[in-house]
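Everything on this sheet refers to the single structure shown next.
The values are calculated or read from the model by the stated rules, or taken from the named source; none is laboratory data. Note that this is a predicted model, so its numbers are computed, not measured. FYI the Cβ positions are ideal-geometry reconstructions off the backbone, even for glycines, and counts take in every protein chain you see.
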Amino acid sequence: LGIATPKPLALLETRFLWLRGKAYLVTEFLPGPDIIERFAPYVEHGDAPEAELVALEQLFADLIRERISHGDLKGHNVFWDDGRWALIDLDSMCQHRSASSFAAAYARDRARFMRNWPVDSALYQVIDGRLPKNLG
């Protein structure tokens, strides 16, 4: 779908009859910094690299295009890898069938993502202005 994630290496899932129990997904290691670390120098002035802001816009556009919500879109789950933002902690991801259920999930994802920075910071204002706010 064009959404960067680490390569899956193994999956262990427990089941009882047809009911799924716990599941563990092991992925390749992403050496890049998460978005909180990567954008830390830019919080005060908001002067994050344009290429990284465009890549962030692209990540959100891809999620919107596919109606995918992450479910825990905090900064520690978004890593800079090979020139784009990659997502980890994928267990709560969901592809929505209806626009209305996706719009509500997107609003939660966006709000959780924006809580990574102080509302009054320049970086918050820059990111807030570049990511779509409402889908409905």
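Against the definition (out of contact with any Phe, Trp or Tyr (no Cβ under 9 Å at 6 or more places or on another chain) and either free of Cβ contacts under 8 Å to residues at least 12 places away in the same chain or surrounded by fewer than 13 Cβ atoms within 10 Å (Cβ to Cβ) (or both)), how does residue 107 come out, yes or no?
On the way: out of contact with any Phe, Trp or Tyr (no Cβ under 9 Å at 6 or more places or on another chain): yes; either free of Cβ contacts under 8 Å to residues at least 12 places away in the same chain or surrounded by fewer than 13 Cβ atoms within 10 Å (Cβ to Cβ) (or both): no.
In short, no.
Could you check the range 77-103 and list, in sequence order, the residues that are part of a helix (DSSP H, G or I) and more than 16 Å from residue 127 (Cβ to Cβ)?
Of the range 77-103, the ones part of a helix (DSSP H, G or I) are 77, 90-92, 99-103.
90, 91, 92, 99, 100, 101, 102, 103, listed by residue number.
Restricting attention to the range 114-136, report how many residues are out of contact with any Gly (no Cβ under 6 Å at 6 or more places or on another chain), in a loop (DSSP other than H, G, I, E, B) and in contact (Cβ under 8 Å) with a residue 24 or more places away in the chain.
9
Go through the range 112-136 and count every residue that is within 20 Å of residue 65 (Cβ to Cβ) and loosely packed, with under 15 Cβ neighbours inside 10 Å.
Here the count works out to 5.
Are any residues in the range 54-103 under 16 Å from residue 1 (Cβ atoms) and of a type in the set (D, E, K, R), and if so, which ones?
Of everything in the range 54-103, those that are under 16 Å from residue 1 (Cβ atoms) and of a type in the set (D, E, K, R) turn out to be 62, 65, 66, 67, 84, 97.
Select from the range 72-102 the residues that are surrounded by fewer than 17 Cβ atoms within 10 Å (Cβ to Cβ) and either of a type in the set (Lys, Arg) or closer than 17 Å to residue 134 by Cα (or both) and list them in ascending order.
Scanning the range 72-102 gives 74, 96, 97, 98, 99, 100, 101.
Among the residues of the range 1-21, which ones are of a type outside the set (Lys, Arg), loosely packed, with under 10 Cβ neighbours inside 10 Å and modelled with pLDDT of 90 or more?
Within the range 1-21, 10 is the sole residue that qualifies.
For residue 38, indicate whether it is of a type outside the set (Val, Ile, Thr) and at pLDDT 95 or above. Show your work before the answer.
On the way: of a type outside the set (Val, Ile, Thr): yes; at pLDDT 95 or above: yes.
So residue 38 fits the description; yes.
Among the residues in the range 44-64, are any of a type outside the set (Asp, Glu), under 24 Å from residue 99 (Cα atoms) and assigned to a loop (DSSP other than H, G, I, E, B)?
Scanning the range 44-64 turns up no residue that is of a type outside the set (Asp, Glu), under 24 Å from residue 99 (Cα atoms) and assigned to a loop (DSSP other than H, G, I, E, B).
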